[in-house]
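Engineer: Quick one: structure below, then a few questions.
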Amino acid sequence: MPEIDFMQKFDYPLAMENNANNTENIVAIGYGAESVPAAETATPEIAIRTEGLTKIYGGVERVSDVSMTVRRGEVYGLIGKNGAGKTTLIRLMLGLAEPTRGRVEIDGAVTPSGLKAARTRVGALIEQPAFYGKMNAKENLTAYALAVGAGKTNIPELLDFVGLSGVGAKKVKNFSLGMKQRLSLAMALVGEPDILILDEPVNGLDPTGILHVREQVRYLNEQKGVTIIISSHFLGELGKVATVYGVMKEGRLVGELRGDDLRSLARPKIKIVTPDLVRALPVLQSNFAPADYAIGQNGTVEIYRDASALGTVTLMFAEAGVPLLQISAEEGDSEAALVALM
């Protein structure tokens, strides 16, 4: 993928309002800053952190006591069903909504002035951005860059990066949803952000477009070092790029999985059910490392071995006189495990 000469960084986000020439009811955000104060009390490995973040709308907690950590260089997959609170959480991180309680930390900044400076290094695609329907892609992106004070921008290369180099003079009002998503991403990348937040970035895209977004995410993360948060329903696709998962359910963060926790979701396992966990425990401790098994409720034990070990496992419990009500082998399925958490 070609090296992109992104725009110089600028100071403030833009929320482009509808006007007489704009038929789209959408908002785009792009951030960047050429020079900002050092973030206060920064923890170098942390890009974004929330503590007890809560937002109440109409007496209902849409986001409830969310404490999440996004480390530098991660691709953080934020997942959950519709209405789980993902978009509201993102709006709180971006400063587009005020928390009822709790706090957001970006690059170590927590004060209003510090967060304002830190957010200039964040690019975001949330919901769908606002375009001037009677302008073409180049004109929209040029107007956007000028509005935020990013003067030196290679617009053609930026459009090429998102796959819109061939649209020419076609007006944005005649764009498909997928084309608008591509232009939205171009706007989010204005200023070469250090952190990129994408809310459902593959909505409306065909398989080729989804593949393109995946390649872009990998390039930005691996080649440019951009920390990326992606909210998406496409778990299969997200699993090809995400290095961490945050699972939202009914406004709460019910799981944050990285490293061994994430790898364990895809591990094959032998599942047994026994009425005598007291006698089963010494067998597990004698034959397996603590990380190689887990004890659940109602006499359920999961042993992280594949189906080839079924006979061996059955025999070791039989020799110890431990009765088994059930024994079965399951293939690792991280997507199913994540769905079960949602």
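None of the figures in this text is laboratory data; all of them are computed from the coordinates on show. The structure displayed is predicted, hence computed values, not measured ones. Reconstructed Cβ throughout: ideal geometry from the backbone, glycine too, with neighbour counts over all protein chains shown.
Engineer: Taking each pair of distinct Cα atoms in segment 38-144 once, what is the resulting Kirkwood hydrodynamic radius in Å? Before the final figure, lay out each step's value.
Structural biologist: Working: mean 1/r = 0.0651 Å⁻¹.
Value: 15.4 Å, from the Cα pair sum.
Engineer: Among MET316, MET187, MET179, which comes first, then next, by fewest other beta-carbon atoms within 10 Å?
Structural biologist: Working: MET316 16, MET187 26, MET179 20.
Fewest-to-most ranking of MET316, MET187, MET179: MET316, MET179, MET187.
Engineer: Placing +1 at every Lys and Arg Cβ and -1 at every Asp and Glu Cβ, with all other atoms neutral, what dipole size does segment 148-203 have around its Cα centre, in debye to the nearest 20? If you can, show how the numbers build up before the last one.
Structural biologist: Numbers: 6 positive and 6 negative charges, 89 e Å.
That gives segment 148-203 a dipole magnitude of about 420 debye.
Engineer: So if R0 is 41 Å, what FRET efficiency would THR314 and SER67 give, r being the distance between their Cβ atoms, rounded to the nearest 0.05? Mind dumping the intermediate values first?
Structural biologist: Numbers: r = 42 Å, r/R0 = 1.04.
It comes to 0.45.
Engineer: A further question follows. What do you get for GluC sites (Glu not before Pro) in segment 60-163 restricted to DSSP loop and a cutoff of at most 15 other Cβ within 10 Å of the site's Cβ?
Structural biologist: Values: sites: GLU61, GLU74, GLU105, GLU127, GLU139, GLU157; in loops: GLU74, GLU127.
When the GluC sites (Glu not before Pro) of segment 60-163 are filtered for loop state and at most 15 Cβ neighbours within 10 Å, nothing remains.
Engineer: Right, next: Stokes-Einstein D for segment 46-258 at 4 °C, 1.567 mPa s, Kirkwood Rh over Cα pairs, in µm²/s? Show your work: numbers first, answer last.
Structural biologist: Working: Rh = 17.7 Å.
Answer, rounded: 73 µm²/s.
Engineer: Sticking with this structure for a sec: Using only Cα atoms, locate the centre of segment 59-81 and the centre of segment 169-245, then give the distance between them in Å, rounded to an integer.
Structural biologist: For segment 59-81 versus segment 169-245, the Cα centre distance is 18 Å.
Engineer: Roughly how many nanometres apart are two label points built 7 Å out from the Cα toward the Cβ at THR111 and ASP292?
Structural biologist: 5.4 nm
Engineer: List the trypsin sites (Lys or Arg not before Pro) within segment 161-202 that DSSP assigns to loop and that have no more than 13 neighbouring Cβ atoms inside 10 Å.
Structural biologist: Numbers: sites: LYS170, LYS171, LYS173, LYS180, ARG182; in loops: LYS170.
Answer by residue number: LYS170.
Engineer: Given segment 109-229, what count of lysine pairs have C-alpha atoms under 18 Å apart, with each pair 8 or more places apart or on different chains?
Structural biologist: Lysine pair count for segment 109-229: 11.
Engineer: Quick one: if you stick a label point 7 Å off each Cα along the C-beta vector at SER328 and ILE56, how many nm between them?
Structural biologist: Inter-label distance under the simple model: 4.4 nm.
Engineer: Counting Lys and Arg as +1 and Asp and Glu as -1, what is the net charge of the other residues whose Cβ lies under 13 Å from the Cβ of GLU61? Can you show the working numbers first?
Structural biologist: Details: positive: LYS55, ARG62, ARG101, LYS249, ARG252; negative: ASP65, GLU250.
Taking every Cβ under 13 Å from that of GLU61, the sum is +3.
Engineer: Taking 0.36 nm per residue of sequence separation and subtracting the Cα-Cα distance, how much length would be gained by fully extending the chain between ILE210 and LYS134, in nm to one decimal? Spell out each step's value before the answer.
Structural biologist: Details: separation 76, 0.36 × 76 = 27.36 nm, distance 2.67 nm.
Result: 24.7 nm gained on full extension.
Engineer: Among VAL244, HIS212, THR142, which residue has its Cα positioned farthest towards the positive end of the charge dipole of segment 46-258, with +1 placed on the Cβ of Lys and Arg, -1 on the Cβ of Asp and Glu, and the dipole taken about the Cα centre?
Structural biologist: THR142
Engineer: In which sequence would SER64, SER231, SER328, SER184 go, from the one with the fewest C-beta neighbours within 10 Å to the one with the most?
Structural biologist: Values: SER64 19, SER231 24, SER328 11, SER184 28.
The fewest-first ordering by Cβ neighbours comes to SER328, SER64, SER231, SER184.
Engineer: While we're on this one: What FRET efficiency comes out for ASP306 versus GLU250 if R0 is 45 angstrom and r is the Cβ-Cβ distance? Round to the nearest 0.05. The partial results should precede the final answer.
Structural biologist: Numbers: r = 35 Å, r/R0 = 0.77.
With R0 = 45 Å, the Cβ-Cβ based efficiency is 0.80.
Engineer: Please give the contour-minus-distance gain from ARG279 to ASN154: 0.36 nm per residue of separation, less the Cα-Cα distance, rounded to one decimal in nm.
Structural biologist: Numbers: separation 125, 0.36 × 125 = 45.00 nm, distance 6.90 nm.
Length gained, ARG279 through ASN154: 38.1 nm.
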